[in-house]
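The structure appears below as structure tokens.
Since every read-out is calculated from the coordinates, none of them should be taken as a lab result. All values reported here derive from a predicted model rather than from experimental measurement. For neighbour counting, all protein chains shown are included, and Cβ atoms are generated from backbone atoms with ideal geometry for every residue, glycine included.
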Amino acid sequence: MKVAILTDFISHDPAYSLCGVVLNQVKMLTDHEVTVFVRKGWSGEHPYRGVETRVIDPGKTGSNVVEIDENSDQEIQALALQLAEHLRDTDVVLTHDLIYQANMWKYHVACRLVAELHPDIRWIHWVHSSTNLDTVSQTGKYVTALSGQFPNSQLVAMHNEEINRKGTLYGYERDEIVVIPNPLDVMEDYDPISKKILGRNTWKADIVIAYPARLDRGKQVEIIGEIGRELNEQGWETWVILVDFHSTAGDKVDYKNELRHKFGDFMIFTSDIEGCEYHVPHKVVMDLFDYADVFIHPSKSESDPLTVPEAMWKRNLLVLNFDLPVFRQYDGRALMGKFSSNIDVHSGMPGSTDTNYSNRRQYMREMANSIAYMVQQDMVVLNHRQVRQTRSLEAVKLNHLNPAITGRKS
């Protein structure tokens, strides 16, 4: 489809939230042919990669007030001609504050003229404020032209709370309003490797677990796999991302193959990424913790694992090994499971602490239950998951923007 985004921008100002909204729309519309309309005076520097920009001259513009003079008719006609020419063969136009801002009143009149002449074009209007500027009533002889609902259009509500308010202000019934939240590019600053690792619809996950570990068997990755399996079986879509560094030979390869055989349907190995067979940059580790919800560390032997404070810094829910004394310092701030260790907990000296389960699977199921409870009750973890599932670019594109544009989900 051919999609146009109509703005009156003269530059891309990253501090202006509307610019960020448009940029994210461009990122979400990669499946379509997109053109961004900007205003005369456009700096020409922008982050809209691979997207055409077209400069429109609306004539005189004021300081966001309606100014009508002897040139207005001519400027509106010229604006309508420019828009009609550039919108040729366009399927959908996404407008931003067209029907709201005083500075765009001439665009509004011109777009209505184009809409009347080209009823095959659909229009979707964003209004980025809850206030009522009542711009139309200030347009003098043009009030009649701007009265009534904009032809062949829908109005965007960014959330359910504003549906009635905006519908009343701009003359749209409930079935003429589409809910499209403003998205957040949660991976905007991530390393390209991180984006590649996470590019598997992981945004849909209920729980993401990241675990950096060299594949020594003492790291007990299988425990994370067993807990992850129980979470999935309980209906919690769970992904385990294993940052398996320094693990390209010997038993480490055998161990990886065993893990892949048992848990490969939900376990991702970073070593499978081309160029990352031996390790990934530390930035990638921190990106993955940033994206993840839960950090499970069942290792049998650690001195002062940096992964724990790293996961804490990224606000992960911690699940640690109670049988390894170094983790006791986090008691009260983490879920604890008994996973055995290479330390004798009675003396604190090297030795062993062996936990024998009467029913290992039931134990791992109980650990999964504890995690499932916390990801619902901990407000920080819950909010983090809900942003990923409802406000990420992928979520808004699939669930809201694409249906509005095409009438169907991606």
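Numerical summary
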quantity	calculated
Listed residue pairs exceeding 28 Å between alpha carbons, taken from Lys196/Lys262; Lys106/Lys397; Lys40/Lys397; Lys196/Lys314	Lys106/Lys397; Lys40/Lys397
Where labels lie 7 Å past Cα in the beta-carbon direction, separation of Lys283 and Glu67 in nm	4.5 nm
Sorted by Cβ neighbour density within 10 Å, fewest at the top, the residues Arg333, Arg315	Arg333, Arg315
Answer label, with percent of Cα pairs over 27 Å apart calculated from the coordinates and candidates [x] 59; [y] 55; [z] 49	[x]
Centroid-to-centroid separation of segment 283-347 and segment 144-215 [C-alpha atoms, Å]	35 Å
Overall form of segment 2-185 per C-alpha gyration tensor (a/c, 1.5; a/b vs b/c)	rounded
Given charges at beta-carbon only (K, R positive; D, E negative), |dipole| of the chain in Debye	540 debye
Cβ-based exposure ranking for Phe245, Phe339, in which fewest neighbours within 10 Å come first	Phe245, Phe339
Antiparallel DSSP beta bridges within the chain, as percent of all bridges there, nearest 5	5 percent
Sequence of Phe295, Phe266 once ranked by neighbouring C-beta atoms within 10 Å, starting from the fewest	Phe266, Phe295
For the chain: relative contact order, % (alpha-carbon pairs under 8 angstrom, 6 or more apart)	12 percent
Pairwise FRET efficiency - Asp134 versus Asn383, Cβ, R0 = 60 Å, nearest 0.05	0.95
Using alpha-carbon coordinates, inclination of helix 360-377 to the longest axis of the chain, degrees	30 degrees
0 to 90° range, to nearest 10: angle between helix 72-86 axis and the chain longest Cα axis	50 degrees
